[in-house]
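Structure record follows, encoded as structure tokens.
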Amino acid sequence: MSRQGLGATETLARGGVELLWLAVLLAAASATRQYNRWRTEHRARLLQLEQTRLAEQRLHISREVHDVVAHTLAVVGVHLNVAVAALDDSPEEARAALRTAISVRNQATRDLKAFVGELRDTPQQGLESVADLVAQARTAGLEVRYEPEGDLAAIPAAQALTAYRVVQEAVVNTLRHSDAGRLTIRLQATTRDLVVKVADNGSAATGFTAGHGLTGMRERVAALGGTLHIDAGRGFAVQAVLPLTAHLSGLAP
């Protein structure tokens, strides 16, 4: 074969290789776009399911509390008005109205205590459920490193539930707001504290504002005498320190 023929063959071969590489690159780009689209849609579905579940829980609690409190205030208010009106002319009627008001108030207190007791008796998520959050985040396309340390099984139920909620809200926040690809979750149990650290590798969160979820997280941690630090300077990071001692918040049943 002549040199000219060899040159033409080599040129055609190079062109074929270049076309092959171009086809590979186009296929890879298409696959990446499809994966990113799937990841976005899957995250949206997870968020929608979680938001629906929380909304249903809040609606149930608000209905129960509203029914008890609204009824109690209405009935007690009526009998207090009767007592005030009858105090001078009919002391016995006033006393009867006050006794009724006290009785209604006591019944409402028992109802609320029973309702809170039902909530506490309902199986609650603990630290063992963090593994489910890790699995959900991985399913959504995040690379997750989970680092449990210490005797997590010995953590009291209140601290375990709060730690779970902190991790849950942090994971949801990463899925909702961050462009992160990696997430690190650390649970460190010592004799004094349970330290919860969640951080992603997203870019700076511009215009970040704390919503109801983060406010609720802060309130949960504070109720146990703990501290919470949130950093949205680069990506999203949260650190909660929960003392492993009993703290009272609000009315005890």
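The values are calculated or read from the model by the stated rules, or taken from the named source; none is laboratory data. Please read these numbers as outputs of a predicted model, since none were measured by experiment. Glycine gets a Cβ as well: all are built from the backbone with ideal geometry, and neighbour counts include every protein chain shown. Accessible surface is based on the protein model in full, side chains and every heavy atom, while ligands, DNA and RNA are left aside. Shrake-Rupley method; radii C 1.70, N 1.55, O 1.52, S 1.80 Å.
For (1) modelled with pLDDT of 75 or more; (2) within 21 Å of residue 127 (Cβ to Cβ); (3) touching a helix residue (DSSP H, G or I) at 6+ places or on another chain (Cβ under 9 Å), each residue gets a yes or a no:
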| residue | (1), (2), (3) |
| --- | --- |
| 169 | yes, yes, yes |
| 174 | yes, yes, yes |
| 179 | yes, no, no |
| 186 | yes, yes, no |
| 192 | yes, yes, no |
| 206 | no, no, no |
| 209 | no, no, no |
| 217 | yes, yes, yes |
| 222 | yes, yes, no |
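Consider the stretch 224-243. How many of its residues are modelled with pLDDT under 85 and surrounded by 14 or more Cβ atoms within 10 Å (Cβ to Cβ)? Break it down into steps so the answer makes sense when it comes.
Filtering the stretch 224-243 down to residues modelled with pLDDT under 85 leaves 232-235.
From what is left, the residues that are surrounded by 14 or more Cβ atoms within 10 Å (Cβ to Cβ) are 232, 235.
Within the stretch 224-243, residues that are modelled with pLDDT under 85 and surrounded by 14 or more Cβ atoms within 10 Å (Cβ to Cβ) number 2.
Can you run down the residue pairs with Cβ atoms below 8 Å, 6 or more apart or on separate chains, where the first is in the stretch 28-43 and part of a helix (DSSP H, G or I) and the partner is hydroxyl-bearing (Ser, Thr, Tyr)?
Close Cβ pairs (under 8 Å, with a partner that is hydroxyl-bearing (Ser, Thr, Tyr)) amount to 42/139.
Can you pull out the residues in the stretch 132-146 that are of a type in the set (S, T, N, Q) and surrounded by 15 or more Cβ atoms within 10 Å (Cβ to Cβ)?
The initial filter retains those residues of the stretch 132-146 that are of a type in the set (S, T, N, Q), namely 136, 139.
The one that is of a type in the set (S, T, N, Q) and surrounded by 15 or more Cβ atoms within 10 Å (Cβ to Cβ): 136.
Output the qualifying pairs, or none if there are none: Cβ atoms under 7 angstrom, residues six or more apart or on different chains, first residue in the stretch 149-171 and under 10 Å from residue 187 (Cβ atoms), second residue assigned to a strand (DSSP E or B) and open to solvent by 40 Å² or more (accessible area, probe 1.4 Å).
Hits for this filter: 149/188; 150/188.
Out of 8, 28, which single residue is modelled with pLDDT of 75 or more, hydrophobic (A, V, I, L, M, F, W, C) and either more than 25 Å from residue 174 (Cα to Cα) or in contact with a strand residue (DSSP E or B) (Cβ under 7 Å, 6 or more places away or on another chain) (or both)? Can you show your working first?
Details: 8 fails: modelled with pLDDT of 75 or more.
The match here is 28.
Within the stretch 151-163, is there a residue that is open to solvent by less than 60 Å² (accessible area, probe 1.4 Å), at pLDDT 80 or above and over 21 Å from the mean Cα position of the chain (by Cα)? Steps first, answer last, please.
Looking only at the stretch 151-163, we keep the residues that are open to solvent by less than 60 Å² (accessible area, probe 1.4 Å), and these are 152, 155-156, 158-163.
Checking which are at pLDDT 80 or above leaves us with 152, 155-156, 158-163.
From what's left, over 21 Å from the mean Cα position of the chain (by Cα): none.
No, because not a single residue in the stretch 151-163 is open to solvent by less than 60 Å² (accessible area, probe 1.4 Å), at pLDDT 80 or above and over 21 Å from the mean Cα position of the chain (by Cα).
Residue by residue through the stretch 85-110, note down the ones that are closer than 10 Å to residue 75 by Cα and open to solvent by 50 Å² or more (accessible area, probe 1.4 Å). Steps first, please.
To start, the set of residues in the stretch 85-110 that are closer than 10 Å to residue 75 by Cα comprises 100-101, 104-105.
100, 105, listed by residue number.
Could you run through the stretch 194-204 and say how many residues are modelled with pLDDT under 80 and open to solvent by 60 Å² or more (accessible area, probe 1.4 Å)? Write out each step before concluding.
Of the stretch 194-204, the ones modelled with pLDDT under 80 are 203-204.
Cutting the leftovers down to open to solvent by 60 Å² or more (accessible area, probe 1.4 Å) gives us 203.
The qualifying residues number 1.
Going by what's in this entry, would residue 170 be described as over 19 Å from residue 237 (Cβ atoms) and part of a helix (DSSP H, G or I)?
Working: over 19 Å from residue 237 (Cβ atoms): no; part of a helix (DSSP H, G or I): yes.
No.
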